[in-house]
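The values are calculated or read from the model by the stated rules, or taken from the named source; none is laboratory data. These numbers come from a predicted model, not from an experiment. Here Cβ is always computed from backbone atoms with ideal geometry, including for glycine, and neighbour counts include all displayed protein chains. Side chains included, ligands, DNA and RNA excluded: accessible areas come from the protein's heavy atoms. Shrake-Rupley method; radii C 1.70, N 1.55, O 1.52, S 1.80 Å.
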Amino acid sequence: MEQIDDSNYFYQSLFKYNPDIVYFINTSGSLEKMNDVFFQKLGFTNIHEIDTIDSLIPSNYIHMHDEAFHRVLSGIPQNMNMMFLHKKGYTIDINLTMMPAYLDGVTVGAFGIAKDVTDHMKAVKLNTYLANYDPLTRLPNRKLFREKLEQAIIIGNTLNQKVAVMYLDLDRFKYINDTLGHTLGDKLLIEIAKRLKYCLGENAIVARLGGDEFGILLSNFYMQQAKERSKSIIEALDKPFLIENYNLFVTTSIGISIYPHDGNDSLTLMKNADSALYKAKELGKNNFQVFSSSLNVQTYKIFSLESSLRHAIELGQLELYYQPKVCPNTYEIVGAEALIRWNHPEWGIVSPDEFIPLAEETGLITEIGHWVKRTACIQNKKWQDANLPKIPISINLSANRFLERSLITSVMDVLEETKLESKYFEIEITESSLLENEKIVFSVLEGLKRLGVKVALDDFGTGYSSLSSLKRFKGLIEILKIDRTFINDLTPHDTADSNFIANMIIQLSQQLQMSVVAEGVETTDQLEVLNNYNCDTIQGYLFSKPVPAAIFEKLLRKGKLVPEEMNTSQDGSENYGKDFKTILVNPLKAAMTLTQIRDNKVELGTMDVLIEEICTKRLKFLSNTKLAVNHSIILELKTMILSQIVKFAGTIVSVTEAKPNVYQYVLEYKMEEEELINLNKALDKFGALHAPSHGAVCSFVQTDRYAFFDKD
C-alpha cells in the first residue's frame, strides 16, 4: 500500500479531503488504510482495533457485501445501501461505492467510499410510515388497509378462502370529543386501538380508517366467525375506559362484508361493509349487521345522503323553512321557528331528522349550525328592513352543539355581522342539554342572557329534567314548549284526564314566569282547550306547516292567520278527474322498493306502504319515508288484489305531508304496454270493491291508516 501512496498522490487526495468514509481493503478483506472520517463516524481510534471489513458489517449484510467485493475484484464497481456497525454497537445507514484498486495493472484490493445516509434513511422510513400508518394509534391507515385487503383477496382466490371485512364506527366519540376536548379524545382512540388489537389477536389486521372509524381484515374467515368476532368487539368496547380520571363509555356499530360473496375487489368489499355499517346505525347502534344486497329503501337513502352532505352548503342545497308561532287570542304572528331542509337533487326535500344525525357523526354539524344561525338572522333582518312585523325567530340546537365552547362567540359574531337585535333571535334546546354538564350549561345560559338571547326548552315533558332543574335555571330559560304528544289528545270533553299534563305545564310555566308554546296544534278543539288554559303561543299545522321564506313572507305581510282545520288535499295531488277507478275505504298494504335511479338498476329490500286510490294511469299511496318528485327514480309497489299479486311501477309526480312524518304520494305508471293491459284487467275485476267481502283475498288494512305507521 505504501507503494500506492508514494506513486499516486491522487489516492492521497481521495483519502485526505473526502467528507465521506474512505478505506482500502486488500484482496483478503483486511483493512489497510482509512481516512480520518472513518474513525470519526465509526468511533474507533486506530486501525489495530479492527480486523477485517466483515467485523464492521451486521451479520445480515455480510453475504451481500462479500458477493459485491468479489465482483469488484473481478473489475466491476459496485454500489449498494447497507449498514456499518459503530464501535458502541449501534448501526449507521450508508450508501457504499466499491471500486477496484490497481497497481501496475494488477488488482491489489478495493477502495470503499461510504456515505452516511442515516438521517436520510430515517426521513425515508418516516415518510413511508406516515404514508401507511396512523401516527396517533400506530395502526395501518386506509391506504395500507386496502393494500392488505387486495393481497388477502389474491390469496383467498388462490386457496379458495373467504375474507371478512369489518367496518367499525364509535357511536359516542364525537360527543366526548366536543365536551372533553380533542386531547382526551385522542387518548381514548389510542386505548380503543389497543383494546381492539388485544381482542382480535395477531391474525387480524386492525386499521384506523379516519376519525372514529376502524377497519378490520380477517383472512380465511367465514361468516359465523366474523359474527362471533363482532360480538366480542362490542363486549370489549362496552367496558369503560379510564382516561384522566374520567370513566368514558363508548359503543360501536359494525358492518361486515365477505369475499367473494359480497364483492370481488377491495373497493366493492369496503363500500358494502360501509353500507352494512349504516344499517347497524339505523337499527339502534351498538350492534353489527352483515351486508345484504337487499338493503331497504331508507338505508339506501341514508347511505347516499351521507356521501353528498359535505357539499350541500357550497352547492346551495340547504334552505330554511319557517313555521309561524301565533297568539291564540288575536291570531297575530308573534314569532317563528326556523327549520332546516335539504333540497337534494335526487331525494327532493330532506328533513333534518334524516340528515342532522349524519352531520353530527361526520363532524359537519358545526358548519351547518353556523349556516343556520347566519341565514336565519340575515333573513329576519331583511324582513325587518322591508317594514314587516318584527318577530323573534328561533333555531334548534342539539345538546352537543349547545355545549360547544364557541357558541357564545359564534352567536355574538352573527348578530354583529347581520345587525339584528338580539331580542329577535332565540335558541331552542332539548331537556337532555340540561343534564350533560351543569357547570357548562350555566355558563352558556348566562352568556346568552347577557347577549339578550332568549332560550326555549323544547319538547318539554318527554325528557328527564325535573321541577328542581327548572327552578335552578329560572331566569335563564324563559320559554317552555309543550311537546306535541301532550297536544294530540286534547279535547274539550275530557279535562280531567287527557288534558291534565298540558294544563299542568302551562300552570307551571306561569308560576316560574316563563312563557309557554304549544307545538303540534292541528285542530280547533285543541286550540280551544289551550286558549282556555291561557297558553301564550300556538304553533302547528292548524295555522301553517313550515314553509319556505318566500311563502312565510306572504304570511308575515298578512300579520294574522285565521285558523282552519288542516286540509291535506293540495294542488297537484287530487285533481285527476275521471282517471281514478276507486277510492279505497280500507287502504291496501303494499311492498314498495326502488328499482331504478338515473337509468341504473338497483336491488333493494322492500318497505310497507298503504295504497289509498287506484286508477288506470296512477295511484295514491301513503308512506312514512320522504321520497322525491323525481322522474329518474322508478318505484315498484306489489299488493294482493283478489288473490292475485298485482304490480305497479312508476315515478312520483306529487307529494304532500298528510300528517307529520306521513306523506301522501301520487305515482304515475311507467310500464310496458302489455303490463298496463294486464293491470287494467285486474283493476276491472277489482271494480268498486272497497272492503274485504265475498271471500276475496286482498291486502286490506282495517286499522287507522296513520296509526299503521306508528306500529314500530
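Using Cα pairs closer than 8 Å and at least 6 residues apart in sequence, work out the relative contact order for segment 83-211, in percent.
Numbers: 101 pairs, mean separation 24.8, N = 129.
So the answer I get is 19 percent.
Return the carbon/sulfur percentage of the accessible area of segment 352-404, one whole number, probe 1.4 Å, all protein chains in place.
Values: 1020 of 1970 Å².
Carbon and sulfur atoms account for 52 percent of the accessible area of segment 352-404.
How much net charge surrounds ILE76 when only the other residues with a Cβ under 15 Å from the Cβ of ILE76 are counted, with Lys and Arg +1 and Asp and Glu -1? Mind showing how you got there, number by number?
On the way: positive: ARG71; negative: ASP66, GLU67.
Here the charged neighbours net out to -1.
Quick one: length gained pulling HIS493 to THR703 fully straight, 0.36 nm per residue minus the C-alpha distance?
Numbers: separation 210, 0.36 × 210 = 75.60 nm, distance 2.45 nm.
Here the segment from HIS493 to THR703 would lengthen by 73.2 nm.
Give me the distance in nm between label points sitting 7 Å out from Cα along the Cα-to-Cβ direction at ASP413 and GLN151, one decimal.
For the pair ASP413/GLN151, the computed spacing is 4.5 nm.
To make sure I understand the rule: partners must be lysines, Cα under 21 Å from the Cα of LYS41, and not fewer than 8 residues away in the same chain. Which ones qualify?
LYS16, LYS33, LYS87, LYS88, LYS115, LYS122
Under the Karplus relation 6.51 cos²θ - 1.76 cosθ + 1.60, θ = phi - 60°, what is the ordered set of whole-Hz ³J(HN,Hα) values for segment 449-459, x standing for Gly and Pro?
Each residue's phi maps through the Karplus curve to give 4, 5, 6, x, 9, 7, 10, 10, 9, 7, 6 Hz.
Here is the link list: LYS381/LYS558; LYS560/LYS620; LYS301/LYS659; LYS381/LYS449. Which ones come out longer than 24 Å on Cα distance? Intermediate results must be reported in sequence, preceding the final value.
Numbers: LYS381/LYS558 18 Å; LYS560/LYS620 34 Å; LYS301/LYS659 21 Å; LYS381/LYS449 21 Å.
Cα-Cα > 24 Å for LYS560/LYS620; rest within.
I want the local charge near LEU512. Using Cβ-Cβ distances under 9 Å, sum +1 for each Lys or Arg and -1 for each Asp or Glu among the other residues.
On the way: positive: LYS471, LYS474; negative: none.
Here the charged neighbours net out to +2.
Mean projection of the alpha-carbon convex hull of segment 1-142 over all orientations, in nm²? Working shown, then result.
Values: hull surface 41.5 nm².
About 10.4 nm², averaged over all directions.
Could you tell me what percent of the accessible area of segment 91-183 is made up of carbon and sulfur, with a 1.4 Å probe and every protein chain present?
On the way: 2610 of 4720 Å².
The value for segment 91-183 is 55 percent carbon and sulfur by accessible area.
Name the long-range amide H neighbours of LEU209: under 5 Å, sequence gap of 5 or more, or other chain; modelled H, no Pro or chain starts.
Amide H to amide H, under 5 Å and 5 or more residues apart or across chains, LEU209 pairs with PHE214, GLY215.
Looking at the chain, send over the antiparallel percent of its DSSP beta bridges, to the nearest 5.
Working: 110 of 136 bridges.
Counting only bridges with both partners in the chain, antiparallel ones make up about 80 percent.
Would you kindly find the accessible area of CYS535, with a 1.4 Å probe and non-protein molecules such as ligands, DNA and RNA excluded, rounding to the nearest 10 Å²?
10 Å²
From the backbone phi of segment 31-37, what are the Karplus-calculated ³J(HN,Hα) couplings (6.51 cos²θ - 1.76 cosθ + 1.60, θ = phi - 60°) in whole Hz, Gly and Pro given as x?
6, 10, 8, 9, 8, 5, 4
Out of residues 5 or more away from ASP536 or on other chains, whose amide H comes under 5 Å of its own, with H placed 1.01 Å from N in the peptide plane?
The list, which skips near neighbours in sequence, is VAL516.
First measure r as the distance between the Cβ atoms of ILE190 and ASP353, then evaluate 1/(1 + (r/R0)^6) with R0 = 25 Å and state the FRET efficiency to the nearest 0.05.
Details: r = 34 Å, r/R0 = 1.37.
Approximately 0.15, to the nearest 0.05.
Counting only residues 5 or more places away or on other chains, whose amide H sits under 5 Å from the amide H of GLU428 once H atoms are built in the peptide plane?
Close amide H contacts, sequence-distant or interchain: ILE395, ASN396, LEU397, ALA456.
Please enumerate, by chain and number, the aspartates and glutamates with C-alpha under 13 Å from the C-alpha of LYS601, excluding those fewer than 8 residues away in the same chain.
LYS601 reaches GLU636.
Find out how many positive minus negative residues lie around ALA590, taking Lys and Arg as positive, Asp and Glu as negative, among other residues whose Cβ is under 13 Å from that of ALA590. Display every interim value, and only then the final one.
Values: positive: LYS589, LYS620, LYS638, LYS647, ARG705; negative: ASP608, GLU612, GLU613, GLU636.
Neighbourhood net charge equals +1.
So, by mean Cβ neighbours within 10 angstrom, what's the order for 636-644, 381-389 with the highest one leading? Let's see the in-between values first.
Details: 636-644: 17.1, 381-389: 13.9.
So the peptides 636-644, 381-389, ranked by packing, come out 636-644, 381-389.
Residue by residue through segment 347-358, what is 3J(HN,Hα) from phi via Karplus (6.51 cos²θ - 1.76 cosθ + 1.60, θ = phi - 60°)? Round to whole Hz and write x for glycine and proline.
9, x, 6, 9, 7, x, 4, 8, 10, 5, x, 5
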